[in-house]
Amino acid sequence: MLALPCAAGGQELRPYTITGDAIVESLTGAPGDAVRGRALVLERTSTCILCHSGPFPEEKFQGDLAPSLSGSGSRWSKGQLRLRLVSASRLNPATIMPSYYRVDGLDRVAPAWRGKPILSAEQIEDIVAYLATLLE
Amino acid sequence: MKSAGTIVAVALLIAAGIAIAPLAATEIPPAERRSGYSFMAPDTKAIQDDDTANPGMLWVLDGEALWNSKAGATGNACADCHNDARASMKGVAARYPAYDKALARPVNLEQRINLCRTRQQQATPFAFESRDLLALTAFVAEQSRGAAIAPEATAELAPFVAKGRDFFMRRQGQLNLGCTNCHDDNWDKHLAGSAVTQALPTGYPIYRLEWQSLGSLQRRLRNCITGMRAQNYDYGAPELVELELYLMTRARGMPIETPAVRP
């Protein structure tokens, strides 16, 4: 068990607890909305489908730098998906997947994005809720 | 690869503050190097292959007119000093960025052209990405079409190449990516719909279909830096010139394609 302090400066991140390879508790204390989560995954600014593909027949341009998101919910628990989104580099330091809920340890961030996580806690919960529905 | 055991072990190592060296990035072996051209669809290749269809040739023609027109307080045209560009400019673009003794640092081809304007013609420099500067650069670089890229391997340039390489390898920006993560490690893949390619600067300035215009290598580099959500540099910044220089060393021996076409 390891409790993480909030990042210094910038936007306050909500505290969370990593247990093994997961963050068991919702970052917001409430479950996310899977419908909003699907829309977020498809949105260009979320960056997911730059690298990933998935069950998105309407989307012509999907990346192949990363495994397909299909079946994510069968392979991983919500807690595991949550830690993967919050900070994939904690699971694999060499990963190219960005850490979506982290503001520290980054270098030369553009002023417009500085001190802000890529996604908000609410957005992460929505995406976790959606990925959990992707069963194979 | 992703057994829960390994993941937990790694997470615990990190939690304990033990630094794990990131996997060493591998540069592309010379035999596997491929120009951005080879990643393009046949119809885009056809545009580059046919000078009457390649919109970049319009800039080359404008550049030729500028080459021959008088400018500045001295009233000299480029041609008054350099004569026929077909002879005098052949192979020049293949060894830029090059070291400028007075500035004690490398300058790229656009900056060299502007140095001739200020030093020799006593004219005002062209703005970066202006039609005139792109046109003259494209005209000069086109004289090297087919020539092998050959940046000078001198002791003076070496530290600048090294700085460019450091920048290329270093993770940065909100997405925490380095150029190398895409262009060395994933060049056979696709970022959404785009081929990632090997970032070899074989055809600049390029006509990019997405821009509907000719654009410089620095414009392309700034696009990727913006994509990484990293702090950008102004046109002409030493950091961008160093990056250009490093990219040219990666492309050593490959033929110049200017004006290339890219999606």
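The values are calculated or read from the model by the stated rules, or taken from the named source; none is laboratory data. Since we're looking at a predicted model, the values are computed, not measured. Here the Cβ is made from the backbone with ideal geometry for all residues, glycine too, and neighbour counts use every protein chain on show. Surface areas here come from the heavy atoms of the whole protein model, side chains and all, with no ligands, DNA or RNA. Shrake-Rupley method; radii C 1.70, N 1.55, O 1.52, S 1.80 Å.
In this structure, A:ILE124 qualifies as closer than 22 Å to B:ALA192 by Cβ and more than 11 Å from chain B (Cβ to nearest Cβ). Residues that are open to solvent by less than 50 Å² (accessible area, probe 1.4 Å), within 24 Å of B:PHE167 (Cα to Cα) and either at the interface with chain B (Cβ under 8 Å from one of its Cβ atoms) or not in a loop (DSSP other than H, G, I, E, B) (or both) within segment A:80-109 comprise A:SER87, A:ALA88, A:SER89, A:PRO93, A:ALA94, A:ILE96, A:PRO98, A:SER99, A:LEU106, A:ARG108, A:VAL109, listed in sequence order. Inspect segment B:13-25 for any residue being open to solvent by less than 60 Å² (accessible area, probe 1.4 Å), over 28 Å from B:ALA162 (Cβ atoms) and at pLDDT below 95 and give the result as yes or no. Yes: one or more hits. The residue of segment A:35-79 that is least open to solvent (accessible area, probe 1.4 Å), among those that are out of contact with any Leu (no Cβ under 9 Å at 6 or more places or on another chain) and of a type in the set (Val, Ile, Thr), is A:THR45. Just one of (1) part of a loop (DSSP other than H, G, I, E, B); (2) closer than 25 Å to A:PRO111 by Cβ; (3) within 11 Å of chain B (Cβ to nearest Cβ) fails for A:ARG14. It is (3). Within segment A:81-113, if we keep just the residues that are within 9 Å of the chain's Cα centre (by Cα) and of a type outside the set (Ser, Thr, Tyr), the residue that is nearest to A:ASP64 (Cα to Cα) turns out to be A:PRO98. Assess whether A:ALA112 counts as being farther than 21 Å from B:THR180 by Cβ, touching a helix residue (DSSP H, G or I) at 6+ places or on another chain (Cβ under 6 Å), small (Gly, Ala, Ser) and not in a loop (DSSP other than H, G, I, E, B). The answer is no for A:ALA112. Mind checking whether some residue in segment B:124-140 is touching a residue at least 40 places away in the same chain (Cβ under 8 Å), closer than 19 Å to B:LEU245 by Cα, in a loop (DSSP other than H, G, I, E, B) and open to solvent by less than 30 Å² (accessible area, probe 1.4 Å)? The answer is no; no qualifying residue exists.
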